[in-house]
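First up is the structure itself, then whatever we jot down about it.
Read the figures in this text as sums done on the coordinates, not as results from a lab. These numbers come from a predicted model, not from an experiment. Using ideal geometry, Cβ is built from the backbone for each residue, glycine included, and neighbour counts are taken over all protein chains shown.
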């Protein structure tokens with residue numbers, strides 16, 4: 001239920017000869033009815049709660065916030081006006097910078113002819129405004145009684161005029177009151193209404209703000225006419241809402257509200273009444289749950305039987321904060337007789353988006369869970385296992401749906417476990433100097449056991465402990481995945497499992513320790529197998545392409561004499577199927593990106609960077625990572641240059657043309673050509689011929705367009721040429 005809320009709610013003015021002007025508004029409930037303005041109500045950077053604010057700038061050079069006209073309300077006494085304000089630079093999401101001088105003016109004005117004529121009583125400008133991002137109260141402004149004749153109208157406004165800048169003008173806690181000379185008038189309930197029936201047991205009392213400028217209210221509430229068994233002339237302060245707590249079912253409540261101010265209490269205020277609803281079926285609401293008397297408990301049911309009493313999110317720590325209480329709800333209550341653990345299973349679920357949630361207080365429903373489970377778009381079973389419960393605490397189990405669907409069928413089973421699991425944590429202790437690691441198992445709670453046995457799946461000797469503390473296992477070889485069991489020695493059904501997987505970072509995990517690539521003629525010539533297993537973030541500058549997941553490895557290569565180099569990754573028949581790669585010049589900690597590629601290789605989602613015109617002898621650093629992270633395995637990487645071995649062939653008069661080639665490639669040399677091989681970008685030989693002559697025409701018409709390499713053997717000299725097939 002709602003807490004008591006402070007209120008300065010509406011324009012207040014009296015009738016029947018008790019007139020006086022009275023305005024008191026904190027804007028927490030929005031822009032008040034009857035006010036007209038160019039402002040908007042907001043809780044963003046407000047003075048308190050919510051404020052009114054206007055955006056004043058070159059395209060909105062004026063603004064105003066204007067009260068309703070209080071017809072005939074003046075009692076010919078001084079009118080005192082107060083409000084808080086601030087001026088901050090425009091920022092839609094976080095306006096916190098104070099606006100400097102030169103912004104313009106804001107005038108406080110009043111009118112006695114419904115706004116036809118405005119009289120300025122205060123001008124806020126650079127002369128009296130203190131530049132600040134905090135709200136400040138004005139010095140109270142008094143409009144003398146002589147300016148407000150008896151029974152005259154009174155209307156108030158703040159009018160803005162822009163000069164420079166783009167800023168917000170905030171207003172809050174606006175009040176205007178004449179001298180009060182009479183007690184306030186009576187008021188009536190607005191929720192529930194007088195004589196209302198079927199009222200919810202969670203309903204608060206809410207009433208209309210009284211006229212006559214009250215400074216508080218006194219409540220008398222009972223369950224008989226003129227009864228005082230709940231409240232007896234109780235002063236609730238200047239509020240218009242009061243929480244009576246959870247009301248009884250099928251009960252008539254009698255309420256008298258007496259407004260008061262410094263002149264006394266309102267007189268002859270009428271008693272009102274309302275009647276609460278009949279007790280709902282067990283399970284429909286938390287105050288009347290289905291009681292689970294003993295375990296094991298089993299029931300088959302449908303939430304449609306119980307109606308929709310709760311809405312919105314189940315609350316924090318509930319697995320999901322989505323609106324899983326929007327459908328029909330059912331509530332069970334279980335009070336254990338001893339400290340134990342239970343399993344709560346929801347099976348046979350007939351709808352998607354169903355959830356089960358555990359609370360320890362009815363007031364927590366929709367606020368904070370003890371535990372919870374949801375099935376999302378599936379209809380799979382839900383389970384809350386090994387849930388610890390304590391004697392003396394009642395646990396409320398709520399089943400509902402994120403409508404649609406509105407309801408769901410289900411089977412609920414609650415069982416008590418014969419034992420309580422131990423708890424343990426696992427701490428990795430690396431020893432990468434010896435490519436191994438150990439694991440510290442910390443038994444933090446024995447549960448219901450007097451001793452537990454800890455074992456792994458690596459044939460390590462088991463260890464038994466009878467007190468909390470740490471035992472060590474290992475060493476294990478780098479890359480090992482170790483599964484642990486902690487078993488209750490007195491009841492073998494209580495077993496917990498743990499897993500630790502660790503791999504020492506590869507030797508080229510850091511920029512400063514790259515693996516050196518030796519350029520070859522083809523990818524396959526000097527390719528090496530790299531690994532991302534165990535790699536971590538090297539801490540160098542951010543990558544400029546692809547999706548970086550936080551683990552990388554490094555290579556280096558020296559640019560060949562012709563200034564050209566291709567650097568490529570390929571698959572290694574492993575689970576790693578997607579790499580990204582970036583090439584840098586410079587030194588570690590001061591790198592400059594040369595090129596970056598995600599999927600340029602012809603080998604699936606691997607990477608290729610082709611560089612030309614680099615400085616011969618330049619050292620390039622190569623960074624490789626798995627796209628997005630999460631898949632750690634091996635890959636191939638190579639640096640190559642098809643021109644590396646052709647100089648010797650050129651001295652033998654070896655010529656190849658045309659390049660690019662469409663159909664027929666001509667090859668000639670001064671000596672006999674022993675063999676020609678055509679190799680694709682994957683390093684696969686697609687054709688081999690033995691010309692045994694000095695001139696040969698090679699038909700390539702049937703090859704797909706792309707880049708190929710021609711490997712030639714002439715007079716015991718070999719070389720590789722790169723060609724383009726159109």
- Note on the structure: For residue 114 and residue 516, extending 7 Å from Cα along the Cα-Cβ vector and measuring point to point gives, in nm, a value of 9.5
- Stretch residue 707-residue 193 to full length: gain in nm at 0.36 nm per residue minus the Cα-Cα span? 176.6 nm
- So, by mean Cβ neighbours within 10 angstrom, what's the order for 236-244, 426-434 with the highest one leading? 236-244, 426-434
- Could you order peptides 151-162, 324-335 by the average number of other Cβ atoms within 10 Å of their residues, highest first? 324-335, 151-162
- Simple spin-label estimate for residue 300 and residue 671 in nanometres, 7 Å along Cα-Cβ: 9.0
- Query: Based on the Cβ-Cβ distance of residue 383 and residue 425, what FRET efficiency does E = 1/(1 + (r/R0)^6) give at R0 = 22 Å, to the nearest 0.05?
  - Reply: 0.45
- Stretch gain in nm, segment residue 463-residue 243, where the contour uses 0.36 nm per residue and the Cα spacing is subtracted: 73.4 nm
- Query: For region 77-216, rounded, prolate or oblate, judged on the Cα gyration tensor with a ≥ b ≥ c (square roots of eigenvalues), a/c < 1.5 rounded, else prolate if a/b > b/c?
  - Reply: oblate
- Message: How much of the DSSP bridge set in region 189-276 is antiparallel, in percent, rounded to the nearest 5?
- Response: 90
- Task: Indicate, rounded to the nearest 5 percent, the antiparallel portion of the DSSP beta bridges found entirely in region 570-675.
- Result: 95
- Which order results if 294, 132, 527, 67 are arranged by neighbouring Cβ count within 10 Å, fewest first? 294, 132, 527, 67
- Query: Considering only DSSP beta bridges whose two residues both sit in the chain, what percent are antiparallel, to the nearest 5?
  - Reply: 95
- Message: What is the distance in Å between the Cα centroid of region 549-613 and that of region 423-447?
- Response: 37
- Can you work out the FRET efficiency for the pair residue 367 and residue 33, with r the C-beta to C-beta distance and R0 = 41 Å, to the nearest 0.05? 0.85
- Given the rule -39500 (n - 2.57) for each run of at least 4 DSSP H residues, summed and divided by the residues of the chain, what is its mean residue ellipticity at 222 nm, to the nearest 500 deg cm²/dmol? 0 deg cm²/dmol
- For region 189-276: rounded, prolate or oblate by the Cα gyration tensor [a/c cutoff 1.5]: prolate
- With a ≥ b ≥ c taken as the square roots of the eigenvalues of the C-alpha gyration tensor of the chain, please select rounded if a/c is under 1.5 and otherwise prolate if a/b is larger than b/c or oblate if it is not? oblate
- Mean Cβ count within 10 Å, highest first, over the residues of peptides 362-369, 138-145: 362-369, 138-145
- Find how much the distance from residue 411 to residue 633 grows on full extension, using 0.36 nm per residue of separation minus their present alpha carbon separation; answer in nm with one decimal. 75.5 nm
